[in-house]
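Novice: I'd like to ask some things about the structure below.
The values are calculated or read from the model by the stated rules, or taken from the named source; none is laboratory data. Computed from a predicted structure; not experimentally measured. Ideal geometry is used to build each Cβ from the backbone, glycine not excepted, and the neighbour counts take in all protein chains shown.
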Amino acid sequence: MNGIPFAREHKVTLCHVCNYVCPQDAHDCPRCDSAVHARKPNSLIRTWAFLIAGLIFYVPANTLPVMFTTLLGSASENTIMSGVIEFAEGGSWDIAILIFVASVLVPCIKFLVLGTLLITCQRRSQWAMRERSRLYRFIELIGYWSMLDVLVVALVAALVQFRGLSTIEPRLGILFFGLVVVMTMLAAMSFDPRLIWDAEVEDV
């Protein structure tokens, strides 16, 4: 694509643990003694597995209640979207937008981008390779912000306790949402972005 040689042409490979440049025929890293691989083992299969698991958990995460609230004897259970709507109707648009972006938009973006990366790598596509690498770095960057909804429920449950006047308790939906976050983070960690550039050569 731009004439830059591959590491394999210089007979070296990179340690996934400490980033030490190792000889291509090395089985263990001389620095940290970790196993050395030219590419992450079974990267595509493992990424697909974590991504599909995340998609499965995403359904109950959005349909089951994430929070149970009692206020002056009135009880209600809220899902993620009903909580967003409730904050918006109460005038807290900033919190509503924040939760919607972190809990709905970010996971959907991660599913879409990771799915696109997996399909294009399996097809050995040379389409927008630089842009796809940037997308992967973007997914890594925003991945940790997906936990924001879990933190919001935990903080609200800890702070809004008025001893008989109001109580807030987490519900099963927040567990599934936490699993979605973990699965998508593991999917991003399992994916080897160097597979994007392997399409430049015929034999890898």
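Novice: Could you list all residues from segment 117-126 that are part of a loop (DSSP other than H, G, I, E, B) and either exposed (fewer than 12 other Cβ atoms within 10 Å of the Cβ) or not assigned by TED's automatic domain parsing to the domain that holds Ile45 (or both)?
Specialist: Arg123
Novice: Restricting segment 75-87 to residues that are surrounded by fewer than 16 Cβ atoms within 10 Å (Cβ to Cβ) and among the aliphatic types (A, V, I, L, M), which is nearest to Asn62 (Cα to Cα)?
Specialist: Only one residue tops the list, namely Met81.
Novice: Could I ask something else about it? Need pairs with beta-carbon distance below 7 Å; first residue under 14 Å from Leu186 (Cα atoms) and within segment 130-153, second among the β-branched types (Val, Ile, Thr) and modelled with pLDDT of 70 or more; sequence gap 6+ or separate chains.
Specialist: Pairs found: Ile139/Val113; Ile142/Val106; Gly143/Thr184; Ser146/Val106; Ser146/Val181; Ser146/Thr184; Met147/Val181.
Novice: Still on this structure: Pull up segment 31-69, narrow it to residues that are closer than 27 Å to Met81 by Cα, touching a strand residue (DSSP E or B) at 6+ places or on another chain (Cβ under 8 Å) and not β-branched (Val, Ile, Thr), then point me to the one that is surrounded by the fewest Cβ atoms within 10 Å (Cβ to Cβ).
Specialist: Checking each candidate, the answer is Phe68.
Novice: Within segment 127-203, considering only helices (runs of 4 or more DSSP H) that don't extend past its boundaries, which have at least 3 residues that are modelled with pLDDT of 65 or more and within 18 Å of Lys110 (Cβ to Cβ)?
Specialist: Those helices (runs of 4 or more DSSP H) span 129-142, 172-190.
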